[in-house]
Amino acid sequence: MTGERWRNVAGGVAVGAGLAVLAAFLGEVRAPAGLLLGLIVAGGVAGAFRPSWAALRVAAGALAVLIAACLLTPVLRGPLASLTLSEPPVRADAIVVLGGGVQCGTRTLDVSSQARLLRGLELWRAGYAPALTLSEQSGLIGPRDCPKIDVLEREMIRALYPSGGPTLVTLRSVTTTRDEAARVRDLARARGWTRVLLVTSPSHSRRAAALFRAQGVPVVSVPAPEPLLDGTLPSPHDRLRALRILTYEGLSRVKAALGGTPER
């Protein structure tokens with residue numbers, strides 16, 4: 001193989017692997033290291049052959065233009081807002097606080113989890129419902145020694161309300177929002193709940209409400225504030241975060257349409 005051919009192959013491998021890494025980053029892919037490595041290797045292999053290398057070059061150019069437009073202008077403001085379903089809170093039987101993320105190393109709730117929990121407590125203090133549900137992530141999510149989200153949330157609630165806090169109900173071993181919806185459906189049937197307030201991140205709220213309603217759970221969507229970005233997208237930082245959110249939500253819908261289980 002000539003030196004020029006080697007350079008072309010090396011360039012193709014680099015572009016293919018780079019696009020795979022970018023796809024994992026933008027889509028917030030939650031997968032083991034082995035699966036991510038497989039994605040990167042597949043991208044590199046695709047770049048090593050002339051037909052797929054040509055396609056990758058076109059894809060890379062189009063993606064560069066798209067990302068530049070998203071970072072330099074607030075063009076994603078409308079699509080981002082379309083993900084949110086915000087309804088006025090009303091009296092209900094329970095407040096469902098969906099599980100977010102946890103920082104395993106520091107053993108603390110991430111900012112999204114904190115925002116969701118604080119919104120749920122705000123609704124409880126206002127008298128909209130007497131009980132909160134908290135989600136315990138299954139062993140399929142994160143390292144085995146990672147603390148459970150509901151345990152950290154209970155600790156936070158005890159610190160805020162040493163006595164007289166809300167009634168807490170744990171949704172055991174959930175991996176996805178669909179799992180949470182199924183657990184709440186069963187609780188509603190067992191306890192006679194006729195309506196719940198659903199608290200999650202704004203970008204997750206419309207999809208989450210649809211999953212709950214598909215399970216026959218009457219919900220009112222009352223999302224928490226978004227701590228990770230300004231929804232008006234005034235800066236490139238906010239716009240990049242919006243792009244990641246929209247990519248993740250789009251991939252989740254594709255995954256569901258193909259028969260997979262949506263995450264988060």
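Data table
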item: Arg178 open to solvent by 40 Å² or more (accessible area, probe 1.4 Å), among the basic types (Lys, Arg), touching a residue at least 24 places away in the same chain (Cβ under 8 Å) and in contact with a Gly (Cβ under 7 Å, 6 or more places away or on another chain); result: no
item: Tabulated pairs, the stretch 130-141, first basic (Lys, Arg), second open to solvent by 10 Å² or more (accessible area, probe 1.4 Å) and at pLDDT below 95, C-beta under 9 angstrom, 6+ apart or interchain; result: none
item: Residues being touching a strand residue (DSSP E or B) at 6+ places or on another chain (Cβ under 9 Å) and closer than 22 Å to Pro227 by Cα - total across the stretch 123-135; result: 6
item: Residue list for the stretch 141-157, restricted to those being among the hydrophobic types (A, V, I, L, M, F, W, C) and crowded, with 21+ Cβ neighbours inside 10 Å; result: Ile149
item: Residue match in the stretch 199-218 (condition: touching a residue at least 40 places away in the same chain (Cβ under 8 Å), assigned to a loop (DSSP other than H, G, I, E, B) and open to solvent by less than 30 Å² (accessible area, probe 1.4 Å)); result: yes
item: Top-ranked residue in the stretch 124-140 [being crowded, with 20+ Cβ neighbours inside 10 Å and out of contact with any Asp or Glu (no Cβ under 7 Å at 6 or more places or on another chain); ranked as farthest from Ala92 (Cα to Cα)]; result: Gln137
item: Single match in Leu171, Leu118, Leu109, Leu160 (criterion: open to solvent by less than 40 Å² (accessible area, probe 1.4 Å) and either closer than 23 Å to Leu228 by Cβ or touching a Cys at 6+ places or on another chain (Cβ under 7 Å) (or both)); result: Leu109
item: Every residue from the stretch 175-198 that is of a type in the set (Ser, Thr, Tyr) and in a loop (DSSP other than H, G, I, E, B); result: Thr175, Thr176, Thr194
item: Residue within the stretch 88-98 that is among the basic types (Lys, Arg) and either closer than 23 Å to Ser235 by Cβ or in contact with a Cys (Cβ under 8 Å, 6 or more places away or on another chain) (or both) present; result: no
item: Residues satisfying the stated conditions in the stretch 224-242, i.e. farther than 22 Å from Glu87 by Cα, open to solvent by 40 Å² or more (accessible area, probe 1.4 Å) and outside any helix (DSSP H, G or I); result: Pro234
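The values are calculated or read from the model by the stated rules, or taken from the named source; none is laboratory data. What you see is a predicted model; the values in this text were computed from it and never measured. Backbone-built Cβ (ideal geometry, glycine too); neighbour counts: all protein chains shown. Ligands, DNA and RNA are stripped out before the accessible areas are found, and what is left, the full protein with its side chains, is counted by its heavy atoms. Shrake-Rupley method; radii C 1.70, N 1.55, O 1.52, S 1.80 Å.
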